[in-house]
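Beneath this line is the structure, given in structure tokens, with notes to follow.
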Amino acid sequence: MNHTLERLKEMRLKGMAECYKSQLEQPDALSLPFEERFSLIIDYEWTSRQNRRLERLLKQAKLRLPACLEDIDYQHPRGLDRSLINRLKSCEWIESFQNIVITGATGVGKTYLACALGNAACRRGYSTRYYRIPRLLSEIAMARGDGSYVKLLNKLRKFRLLIFDDWGLTPFTQDESREILEVIEDRSQLASTIIISQLPVEHWHEVLGDPTLADAILDRIIHNAHKFYLKGESMRKVKGGVSTPVSK
Ligand SMILES: Nc1ncnc2c1ncn2[C@@H]1O[C@H](COP(=O)(O)OP(=O)(O)OP(=O)(O)O)[C@@H](O)[C@H]1O
Ligand SMILES: [Mg+2]
């Protein structure tokens, strides 16, 4: 038995080894038919692999908030389209390379919603990565400086879902718009992007500066994007308990 356990571990079948070991320690389990015991062992290995994968994907995603679609608070009306959220749960939008745009004033829950969608994507096995635009732009600038630019673009291209937060918080320089177009172009019809902005979509053209670059970027994002226009009170205020009480 020790020999079998060792071999399982050597073959990196840690889950099978664990389940086999626990069966050996439980007389009840030993009385089960071979097929049943074997299928329990396989299921255990399967589940532990899935869990390890999810853990890896979530770590890699670096989501800003530990949010989850099931925990979304619909009590405070903010224009959250519940039926759209339910449709997005299955992640078919990622399978069809669609995008999502989330806009609204500060604190209304944009990052939360995007992170909840990112969490759902990880659970479905899609590689995901969250970036604040200023951080992404400085990573790109650094990569240009140290010769790892192509490597970084290749890395970004491989994510099935990229989340760009704080889009248009400050106007983009022409170089920055060009960098963004490179990233977006790589994803067009191949992968999904969520863009989060305080700025309404109508003003994106202005902050992207160069009109030709702006047209190219927006054309690739907007047309196949699901849109959330969040409104209402800041959730920071509401959660902080200083919201205006609802009159009876
Ligand atoms: N649907 C929600 N359910 C539960 N908590 C939420 C929800 N939306 C937001 N929150 C909480 O409210 C706070 C503010 O939300 P969030 O950071 O998503 O706002 P934001 O719109 O991204 O603001 P900003 O534009 O300033 O970045 C967070 O602490 C978040 O945990
Ligand atoms: Mg935010």
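Just so it is clear, none of the values below were taken in a lab; they were calculated from the coordinates. The model shown is predicted, which means the values in this text are computed figures rather than measured ones. When we count neighbours, we look across all protein chains shown, and the Cβ atoms used for this are built from the backbone with ideal geometry, even at glycine.
List of remarks:
- The lysines within cross-link reach of LYS227, meaning a Cα-to-Cα straight distance under 30 Å and a gap of 8 or more places when in the same chain, are LYS59, LYS62, LYS89, LYS110, LYS155, LYS158, LYS237, LYS239.
- Taking the square roots of 5 times each eigenvalue of the Cα gyration tensor of segment 2-60, largest first, gives ellipsoid semi-axes of 24, 14, 9 Å.
- When peptides 211-219, 12-20 are sorted by average Cβ neighbour count within 10 Å, with the highest value leading, the order is 12-20, 211-219.
- Axial C-alpha extent at least 18 Å, average Kyte-Doolittle at least 0.0 - helices from the chain (DSSP): 110-123, 133-146
- Point-charge dipole on Cβ atoms (K/R +1, D/E -1) for segment 55-210, about Cα centre, debye to 20: 720
- Under 17 Å of direct C-alpha separation, and excluding same-chain neighbours fewer than eight residues apart, LYS21 reaches these lysines: LYS9.
- Relative counts (whole %) of C-alpha pair distances in the chain, using bins that are 10 Å wide: 7, 25, 26, 17, 12, 9, 3, 0
- Between LYS239 and LYS21, the distance separating the two model label sites (each 7 Å from Cα on the Cα→Cβ line) works out to 3.9 nm.
- Over segment 2-60, relative contact order from alpha-carbon pairs under 8 Å, at least 6 apart, %: 33
- Relative contact order, whole percent, for segment 62-239 stands at 36, derived from Cα pairs under 8 Å and 6 or more residues apart.
- Distance (nanometres) between label positions extended 7 Å along Cα→Cβ at ASP43 and THR106: 5.1
- Rg/Rh (Cα only; Kirkwood hydrodynamic radius) as it applies to segment 108-248: 1.02
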